[in-house]
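Everything below concerns the one structure shown next.
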Amino acid sequence: MSMTEQFLWVIFPYMCMVIFIVGHIFRYRTDQFSWTAKSSEFIEKKQLMLGSLLFHLGVIPVILGHVAGLGIPKTWMHSLGVSEHLYHMGAVYGGGFFGVVTLAGMFLLTTRRFTIRSVRRLSTLSDLIVNVLLLFIVFMGLYATLFTNFARPEFDYRETISVWFRGLFMLSPDPALMRNVPLSFKIHALTGFAIFAFWPFTRLVHVWSVPLNYVGRSYILYRRHKSS
């Protein structure tokens, strides 16, 4: 095992996860005022609504697909009655469809931030970096799903990437598992961890501010004032 492999597939992922956790704690304790998405809806609404809708409709199934593919062992899927062919169809065609939707949404949001002058002036450097990085991550994931899987049909990421990924959380990652992984999958994995390192210092923190208390909050009652 080379030092490069050790850094890329052991040190770097753990470093990103530590920054993700410690960075969130530090920002919440010292800078709660900026814990916001800083919406630019009042500047431009049409492209924002379409891009945001497409991105969120696509990214939720994509995330669930990553959880299933990386977190659930292959043998468990078989025991649940999910055959290799059925899983492959869902991962490639289902994942490909939602990946295209996510990419389209992210492309609209990114071009909006760079091409509309008023939106760009409102954006910080971290906003621009996050948009470009997210667009690149989604593109590489879609490329790996639609092209690399067909070009390398013998490659099974559930026997390499998934095992390595679960090993990170069991504190026993094996970087050798990533040695013969196609480059597109490697880039997708590394940039995926990189966005987690950026996360605490960008507007992405607003993801954790979903107003769940609104679900159980009492309705506001309006009563007509009765004059005497």
| Quick check: is even one residue across the stretch 119-126 under 20 Å from Val62 (Cα atoms) and open to solvent by 30 Å² or more (accessible area, probe 1.4 Å)? | no
| When Leu134 is evaluated against the numbered criteria (1) over 17 Å from Leu103 (Cα atoms); (2) crowded, with 20+ Cβ neighbours inside 10 Å, which criterion, by number, is the only one it fails? | (1)
| field | Any chance Arg113 is at pLDDT below 95 and charged (D, E, K, R) | value | yes
| note | Of those in the stretch 44-60 that are farther than 18 Å from Phe136 by Cα and not aliphatic (A, V, I, L, M), the residue least open to solvent (accessible area, probe 1.4 Å) is Glu44
| note | Of the listed residues (Val130, Val215), the one being at pLDDT below 95, aliphatic (A, V, I, L, M) and in contact with a helix residue (DSSP H, G or I) (Cβ under 9 Å, 6 or more places away or on another chain) is Val130
| request: Return the total of residues in the stretch 62-89 being assigned to a helix (DSSP H, G or I) and under 19 Å from the mean Cα position of the chain (by Cα). | output: 10
| task | Report, ordered by the first and then the second residue, all pairs with beta carbons closer than 9 Å, sequence separation of six or more or different chains, a first member in the stretch 182-210 that is touching a residue at least 60 places away in the same chain (Cβ under 8 Å) and assigned to a helix (DSSP H, G or I), and a second member that is open to solvent by 20 Å² or more (accessible area, probe 1.4 Å) and charged (D, E, K, R). | result | Pro200/Arg27; Phe201/Arg27; Arg203/Lys38; Val205/Arg27; His206/Lys38
| task | Considering (1) surrounded by fewer than 17 Cβ atoms within 10 Å (Cβ to Cβ); (2) assigned to a helix (DSSP H, G or I), say which one Glu154 fails and leave the rest. | result | (2)
| Is there any pair with a first residue in the stretch 1-28 that is within 11 Å of Pro175 (Cα to Cα) and a second that is basic (Lys, Arg) and open to solvent by 90 Å² or more (accessible area, probe 1.4 Å) whose Cβ atoms are under 7 Å apart and which are 6 or more apart or on different chains, and what are they? | Glu5/Arg179
| In the stretch 98-118, which residues are surrounded by fewer than 17 Cβ atoms within 10 Å (Cβ to Cβ) and farther than 14 Å from Leu50 by Cβ? | Val100, Phe114, Thr115, Arg117, Ser118
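The values are calculated or read from the model by the stated rules, or taken from the named source; none is laboratory data. Just so we're clear, the structure is a prediction, and the values are computed from it rather than from any experiment. Virtual Cβ from ideal backbone geometry, glycine too; neighbours counted across all protein chains shown. SASA here: full protein model, heavy atoms, side chains in, ligands and nucleic acids out. Shrake-Rupley method; radii C 1.70, N 1.55, O 1.52, S 1.80 Å.
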